Amino acid sequence: MIQRSFHIMTFGCQMNANDSDWLKRALNARGFTEAATAEEASVFILNTCSVREKPEQKVYSLLGRIQNMTKGRDDVLVAVGGCVAQQVGRGFFNRFKQVRLVFGTDGLASAPQALDRLVEEEQLRMSLLDFSDEYPEKEQEWTGDTVPSAGFVNIMQGCDNYCAYCIVPYTRGRQKSRSSVSVLEECTRLVERGMRDITLLGQNVNSFGQDSHGDGTSFAGLLHQVADIPGLERLRFVTSHPKDIADEVIEAFGTRANICPRLHLPMQSGSDRILKMMGRKYDTARYRSIVDKLRAARPDLQLTTDIIVGFPGETEEDFLQTLHLAQEIGFAQSFSFNYSDRPGTRAEMLPDKVDKAVMQERLMRYQDWQAEYTEQILHGMVGSTQAILFEGMSKRSDSDAPGTTWQGRDVYGQLVHVSLPEDNDMAGKLLPVRITEAKKHSLIGEKAGEPW
Ligand code: 5AD
Ligand code: SF4
């Protein structure tokens with residue numbers, strides 16, 4: 001018999017992480033429990049990503065590993081969800097006998113129900129791959145009284161942009177906005193239960209409401225409504241497409257105290273020629289002008305970005321333009337990737353593919369600059385006092401400070417570790433903290449006031 005103990009493995013973007021968190025809660029509500037270790041689980045769930053090459057290969061090797069790990073057992077059920085599931089679909093059934101459920105983006109909402117059936121009916125296989133016309137609303141499934149101090153709320157699904165390199169519109173479907181009423185209801189409920197930091201999530205949040213599912217509320221309108229929720233200390237949103245960011249959203253950084261001064265604004269390239277081939281629908285002049293307006297509205301704003309190195313036809317000169325523009329803007333962090341061909345995309349058909357070694361060397365140059373610059377920013381914060389919202393006990397293993405180490409985030413979302421002498425429960429509390437030390441990716445600080 002298949003036990004109701006599960007193990008979830010998640011790849012890719014924040015959307016997937018958020019989907020997996022929801023799935024865990026929904027399964028708990030149905031009497032499943034999370035296994036302490038993978039070996040003890042009966043139900044394996046892979047939430048996959050196919051945006052870049054490596055995550056896809058990981059899925060195949062992981063399925064192989066699960067097969068080996070569970071050799072001889074007949075009480076194992078594997079479900080594959082997310083973008084790779086949407087692409088490969090029922091193909092998994094033939095390659096891996098243990099896989100009995102595949103579900104795509106819109107199938108997620110019914111995956112818990114499906115798993116419920118599949119543990120009982122052991123001959124059954126199910127696929128939930130259809131795209132629905134509406135945003136598939138999910139039960140919130142928060143059990144118990146407490147919610148984490150920071151969390152994510154989905155506001156839309158899919159993407160209509162068809163950037164030349166990107167598989168997302170094919171795997172996640174066309175853009176479907178959620179109704180502003182249900183977004184607002186969910187945010188309000190979470191804040192009432194103790195959430196103080198919310199990130200609104202979508203593939204292209206700035207075009208929220210601009211699809212057939214919109215209810216007339218623009219993203220700027222939604223942002224103001226959510227920012228108005230009493231008790232919401234911090235509001236963030238991701239991802240913004242530069243072509244769609246409205247002046248009203250930019251201005252909100254200056255007028256709304258709870259909108260955090262950090263924005264992820266994928267630039268992808270600093271070469272107008274490449275941006276055009278990518279189909280991004282902005283040029284570097286427009287990108288610069290958005291950055292200028294943002295910084296005028298909020299001088300302490302930190303910007304982060306996505307960069308693709310080695311798009312077909314990219315020359316050394318194009319790459320240098322990317323590097324120089326990134327340096328000029330001074331991104332606090334970049335997610336930078338080598339270009340990889342995705343099946344069925346326009347870029348796959350383009351000539352002049354960049355040599356892998358050349359691409360890798362460019363990526364290293366970019367990442368070396370970014371690592372150094374990120375460190376500089378973190379060092380620049382030493383001596384300042386920041387409001388830290390605590391998440392829980394520190395996961396840092398090299399903590400040599402006495403007392404209990406807690407971890408939280410500053411207003412920019414940067415991880416801060418603080419040793420506190422007393423055994424207080426700091427989760428969900430805000431505390432002024434003086435930054436005393438900068439590590440490569442995080443900060444260390446000490447208490448500089450009372451929590452609120
Ligand atoms: N190759 C490399 N990077 C890609 N991304 C999306 N598609 C590809 C691809 N084919 C990157 C983009 C996007 C991020 C989520 O992933 O930078 O913003
Ligand atoms: Fe992909 Fe472009 Fe949509 Fe982002 S905006 S998900 S890069 S198609």
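Would you list Asp211, Asp74, Asp292, Asp19 from fewest to most Cβ contacts within 10 Å?
Working: Asp211 15, Asp74 9, Asp292 12, Asp19 25.
Result, fewest neighbours first: Asp74, Asp292, Asp211, Asp19.
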- Message: Full-extension gain between Arg189 and Asn424, please, as 0.36 nm times their residue separation minus the C-alpha to C-alpha distance.
- Response: 82.0 nm
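Can you say what percent of the DSSP beta bridges in the chain, counting only those with both residues inside, are antiparallel? Round to 5.
Details: 22 of 66 bridges.
Rounded to the nearest five, the antiparallel share is 35 percent.
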- Message: Let me check the size of region 159-239 from its C-alpha atoms; what are the radius of gyration and Dmax in Å?
- Response: 13.7, 42
- Where the only charges are on Cβ atoms (+1 Lys, Arg; -1 Asp, Glu), what is the dipole of the chain about its Cα centre, to the nearest 20 debye? 740
- Using 7 Å Cα-to-Cβ label points, what is the Met9/Ser289 separation (nm, one decimal)? 4.8
- Query: If the cut-off is a Cα-Cα distance under 17 Å, which lysines reach Lys276, setting aside same-chain residues fewer than 8 apart in sequence?
  - Reply: Lys243, Lys353
- Task: Can you put Phe103, Phe32 in order of Cβ neighbours within 10 angstrom, beginning with the fewest?
- Result: Phe32, Phe103
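Taking a threshold of 23 Å on the Cα-Cα distance, which of the pairs Lys138/Lys176; Lys71/Lys97; Lys176/Lys281; Lys293/Lys429; Lys54/Lys281 fall above it? Kindly include the intermediate steps, with their values, before the conclusion.
On the way: Lys138/Lys176 14 Å; Lys71/Lys97 12 Å; Lys176/Lys281 21 Å; Lys293/Lys429 33 Å; Lys54/Lys281 28 Å.
In this structure, Lys293/Lys429; Lys54/Lys281 lie more than 23 Å apart at Cα.
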- Quick one: if you take sqrt(5λ) for each eigenvalue of the C-alpha gyration tensor of the chain, what semi-axes come out, biggest first, whole angstrom? 34, 30, 23
- Message: Charges on Cβ only, +1 for Lys and Arg, -1 for Asp and Glu, centred on the Cα centroid of the chain; of Gln86, Ser182, Gln14, which one is farthest towards the dipole's positive end?
- Response: Gln86
- Message: Report the Cα centroid-to-centroid distance between region 192-235 and region 303-369 in angstrom, as an integer.
- Response: 31
- Do any cysteines in the chain lack another Cys Cβ under 4.7 Å, and if so which? Cys13, Cys49, Cys83, Cys159, Cys187, Cys260
- Which of Tyr287, Tyr162 comes first, and how do the rest follow, when ranked by fewest Cβ neighbours within 10 Å? Tyr162, Tyr287
- Excluding same-chain residues fewer than 8 positions from Lys440, which aspartates and glutamates have a Cα within less than 19 Å of its Cα? Asp368, Glu372, Glu375, Asp398, Asp400, Asp410
- Task: Can you tell me which of 214-227, 115-128 comes out highest on packing, and rank the rest after it, using the mean Cβ neighbours within 10 Å?
- Result: 214-227, 115-128
- Query: How many nm is it between the label spots at Glu316 and Thr385, if each spot is 7 Å from the Cα in line with the beta carbon?
  - Reply: 5.2
- Note on the structure: Expressed in angstrom, Rg and Dmax over the Cα atoms of region 1-136 are 13.6, 42
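Read the figures in this text as sums done on the coordinates, not as results from a lab. These numbers were taken from a predicted model, which means no experiment stands behind them. Cβ sites come from the backbone with ideal geometry, for glycine too, and all protein chains shown count toward neighbours.
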